[in-house]
Amino acid sequence: MIPSWANHYTSQVVLGQGYFLERIKHQGLAPFNPGGAGYNVFINVKRFGAKGDGVTDDTVAINAAIRQGARCVAGPANNGGCASSTTSPAIVYFPAGTYGAALVDADPYDSEVQDYGSTNVFYRQVRNLIIDTTSIPANQGATGLHWPTAQATSLQNVVFKMAEGAASQHTGVFIENGSGGFMTDLVFYGGKTGMTVGSQQFTTRNLTFFNHISNTPIAFKHARTADSSPKTGGSLVLENVLLTNVAVAVQQPTAQLDGNQLITSFVSGHAYDSKGPAILPNPTRPYNRPGSLLHGAGNYYTRSKPQYDTVPTLQFVSVRDAGAKGDAVTDDSAVLQSVIDSATAAGKIVFFDNGMYKVTKTIKIPAGAKIVGEAYPVILASGAFFQNMQAPVPVVQVGAAGESGHVEWSDMVISSQGPCAGAILIQWNLSSPPNAPSGMWDVHTRIGGMEITPSASGLYMENVWLWSADHDIEEVKNRQITVYSGRGLSISSTVGNIWLIGTSVEHHVFYQYQLTNTQNIFMGFIQTESPYYQPVSFAPTPFTTIAEQNDPDFGVYCKDKDVTCNEAWGARIVNSKNIMIYGAGFYQFFNNYRTKCTEHSGNGVYSANCQTQIFGIDTGGPTPTSGSSVYVYALNTVGVVSMIEFQGNSIAKQEDNTNGYAETIIMFST
């Protein structure tokens, strides 16, 4: 949660002074920080001299607050800082006020290049700010937020106020590169451009642009034609887009779609069905949305992360006040279980002060629990209880099989300390109704995955990163490491009603996403990377296939196939109904840490061979199955020969769907 800052202009906090985060006792730890016990996790900028009066220049005070202690920040004085860190977490807090200061810069340019690679900028949040550039002349370039970031980053509840009028050169958000992240509840006023985005992939929701797609001649300019090069360049899909007083909805070189309408569906690009390439109907029809996934006016259910801004401080129970140490050494299992149980029974919210809470047995979260972290506190699995890879057990278990109710959980990390080959970092058993699902917001895992079991249902997941680390983020050069984690996200919920908004799963041995015997799943731009060490270590090495876990059988499926078949599935779907995927990026950049397999040849021909296949439907087991219904918009792959495997056969090749760097199929359904 540590933003870097460049010397620009104004920001303003919008939460009131009763916000619990300002008034609660702060005693969070960073056990591995060299600053020791003197390191402060919670930083109030006013303690460093910021006035917030709208007059005083608070730049120096804010920079001092951010750099306080042994913190990793950008800038030449800090040798470039570091892209990310788990040892120097911080919340930089702005009490209500107007600050003459800097605008947020997540990756500054202290030379001709960014201080650190944007694809390694993790674990950052900016929320509850008004960023105002209206005091800058309209004809002078100004950017409110420079945000080239990667996984486990989010923007929430941010308002951008820019100079109005045709002469305005202001931009709200500028993202020239990066790899993911999530943005929600953003509002843009004025400016030349609300957002300029060039990231690999990202998910947004509830973005409001005033004076944009209304009362304007053309909504979307679209350059793609039947002869476009590369073959799928400029692919575009629009669904459920309402235009007001707009003459042209989509302008193309040789055609146009009239405006003043609700665009139920517009698709341009390559389409496939279960038999292979398909002809797009004209006009295209939108996918039928499963009723249990909707909430009001036919829209998919969404819910912003609760911030508990109206809840009195007395309603929060600190785990450190209850006796937990969070020092990564003491076994906090018993204390954590006790405080979670007692606070939930009393209708209070569990507050995890920042720290690393070592546990040696499963922590159980009961129905009714509400849990929120300060920065990113870590539950750290350790010990023999989690070491049997033949009988995996959960580190955190939400609900028991057959239990129903509601849970809210935000801003935490679940990880492991030492070998934990039998650890399921999160197991979700709880059943919640589709009209009031439970939720996980900004909850991430490191070195392990998550299981949503048959008894579970009604779960909303927003900005969740299930990562098996591929490099050491504490080292300045981000040295690559080999760490084995068996399974990513497994969903076998019988009822389903699961929403995945802005999730990514990376570097697990068997698969990243696996859906078996489930239904009614919404997935909003999912992203994966296969392990970089494969296929030298054939999947599932060092693990063994467990039939009860519905594991893919690489020994059977990859027999007599290229060696690169023995690599983790990006997504595998078996015997599952109503699977709605609105954007997917399945990537393999490496072959045993070498990138030659994704290099473009000089003659413009691109034939990637890092991995044979990555996306499978009713395939990958001892025998093919059938019956899944899967609907996909914007399938993108990198480094993969076969883009879609259906019932044991490849039905889409990367060579037929080349794009700028990835390969793209804009529409696929079974």
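The values are calculated or read from the model by the stated rules, or taken from the named source; none is laboratory data. Note that the structure is a prediction, hence the values are computed from the model and not measured. Every residue, glycine among them, receives a Cβ derived from its backbone with ideal geometry; neighbour counts consider all protein chains shown. Ligands, DNA and RNA are stripped out before the accessible areas are found, and what is left, the full protein with its side chains, is counted by its heavy atoms. Shrake-Rupley method; radii C 1.70, N 1.55, O 1.52, S 1.80 Å.
A few points about this structure:
- The alpha carbon centroids of the stretch 619-670 and the stretch 121-152 are separated by 37 Å.
- Per-residue [θ]222 nm for the chain (sum of -39500 (n - 2.57) over DSSP H runs n ≥ 4, rounded to 500): -1000 deg cm²/dmol
- For the peptides 422-431, 584-593, 132-141, 145-154, residues were scored by their other Cβ atoms within 10 Å and the scores averaged per peptide; the highest-first order is 145-154, 422-431, 584-593, 132-141.
- Taking each of K192/K221; K51/K161; K25/K348; K559/K653; K25/K325 in turn, the alpha-carbon distance tops 18 angstrom for K51/K161; K559/K653.
- The residues of the chain present an accessible area of 37 Å² per residue when probed at 1.4 Å with all protein chains retained.
- Each Cα pair under 8 Å and six or more residues apart adds its separation to the average, and for the stretch 386-523 the resulting relative contact order is 21 percent.
- Ellipsoid equivalent to the stretch 237-279 - semi-axes via the Cα gyration tensor, in Å: 25, 13, 5
- Taking amide H as placed 1.01 Å from N in the peptide plane, G583 has its amide H under 5 Å from the amide H of F525, Y633, each at least 5 places away in sequence or on another chain.
- Considered as an equivalent ellipsoid built on the Cα gyration tensor, the stretch 57-211 has semi-axes of 24, 18, 15 Å, the largest given first.
- Bridging of K370 to aspartates and glutamates at a Cα separation below 12 Å is possible for D341, E408, D411, once same-chain residues fewer than 8 apart are set aside.
- Whole-percent carbon and sulfur share, accessible surface of the chain, 1.4 Å: 51 percent
- Environment charge of T254, counting only residues whose C-beta is closer than 14 Å and scoring Lys/Arg +1, Asp/Glu -1: +1
- Across the stretch 359-364, rounded Karplus estimates of 3J(HN,Hα) from the backbone phi angles (6.51 cos²θ - 1.76 cosθ + 1.60, θ = phi - 60°) give 10, 10, 8, 5, 9, 9 Hz, Gly and Pro being marked x.
- For the stretch 254-267, backbone phi angles converted through the Karplus equation (6.51, -1.76, 1.60; θ = phi - 60°) give residue-by-residue couplings of 10, 7, 8, 9, 5, x, 6, 7, 8, 7, 6, 6, 9, 9 Hz, Gly and Pro being listed as x.
- Convex hull per residue volume in Å³, alpha carbons only, for the stretch 314-437: 100 Å³
- With coordinates expressed along the principal axes, the C-alpha atoms belonging to the chain extend over 65, 65, 49 Å, beginning with the largest.
- In terms of overall dimensions, the stretch 308-355 has a Cα radius of gyration and Dmax of 11.1, 35 angstrom.
- Normalised contact order of the stretch 468-669, rounded percent, pairs of Cα under 8 Å and 6 or more residues apart: 18 percent
- Database remark: amide H of I452 closer than 5 angstrom to the amide H of W428, S490, I491, S492 (H placed geometrically; neighbours at sequence offset of 5 or more, or on other chains; Pro and chain starts carry no H).
- Beta bridges from DSSP with both residues in the chain: antiparallel share about 20 percent, rounded to the nearest 5.
- Shape analysis of the stretch 468-669 yields a ratio of the Cα radius of gyration to the Kirkwood radius, Rg/Rh, of 0.95.
- Average Cα contact separation per residue, the chain, under 8 Å, 6 or more apart, as relative contact order %: 9 percent
- Ellipsoid semi-axes in whole angstrom, largest first, where each is sqrt(5λ) of the Cα gyration tensor of the stretch 393-463: 22, 14, 8
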